[in-house]
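The values are calculated or read from the model by the stated rules, or taken from the named source; none is laboratory data. Predicted, not measured: the structure shown is a model, and the values here were computed from it. Here the Cβ is made from the backbone with ideal geometry for all residues, glycine too, and neighbour counts use every protein chain on show.
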């Protein structure tokens, strides 16, 4: 069995009076795709933010590549790629006037062995907008650029927060194929989603969270059990218990 590279241990997090995480526990294993499923507001984005070192837990802790993200150095950060949830023009850390190719080249310059930017632009169908400023991109194009920025440094672990949001069918299928290729090459992928089809297609391991707690985890087959229930049926059953 592959080793655990992400471990979330009894994590609590609140924003004022609003409790985002309440003893959350889950883990991700090396070379696998782990899907964190939950409704809007379940705590998925907060969980990823803590694992990526962007947020601090109020209690509990996380281990990512055997380190606490808040104590990690530049070498650790070079091993981790992060695609944040798209929520506004600055969500990916891109200046509105920056052009696609120049920002991708900039990110590549930070890496010791980056992916070729031209090939990555072509793989994500972005070569036609390579000279376009970020602010003029469609939402789906911004999503694909954000994914490219997370991958250009050849990370061994990537966190993807709602990566298919805003993508059309063609772009979504292309992204799924790319994630499957990453897994084949040994990259560990952790993605959040509320799309059952995405989890069923991609995930080796599924974590279902609701109201800041883990309510189930396992493979799609394990969660479905011996019956013919779909992952959506399981998800609705699990999350309705806490409403």
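Would you be able to say whether some residue in region 19-37 is surrounded by fewer than 16 Cβ atoms within 10 Å (Cβ to Cβ) and assigned to a loop (DSSP other than H, G, I, E, B)? No: zero hits.
Scanning region 179-197 for residues that are under 11 Å from residue 33 (Cα atoms) and touching a residue at least 12 places away in the same chain (Cβ under 8 Å) turns up 179, 180, 182, 183, 186, 187, 188, 189, 190, 191, 192. Taken as a whole, the structure leaves residue 44 outside the set of residues that are surrounded by 14 or more Cβ atoms within 10 Å (Cβ to Cβ), within 20 Å of the chain's Cα centre (by Cα), assigned by TED's automatic domain parsing to the domain that holds residue 208 and farther than 17 Å from residue 191 by Cβ. On inspection, residue 103 passes the criterion of being more than 15 Å from the chain's Cα centre (by Cα), buried (at least 16 other Cβ atoms within 10 Å of the Cβ) and in the same structural domain as residue 130 (by TED's automatic domain parsing). Taken over region 194-243, the residue count meeting the criterion of being outside any helix (DSSP H, G or I) and modelled with pLDDT of 90 or more is 17. Pick from 3, 47, 63: which is closer than 14 Å to residue 213 by Cα and in contact (Cβ under 8 Å) with a residue 24 or more places away in the chain? Going through 3, 47, 63 in turn, just one is closer than 14 Å to residue 213 by Cα and in contact (Cβ under 8 Å) with a residue 24 or more places away in the chain: 47.
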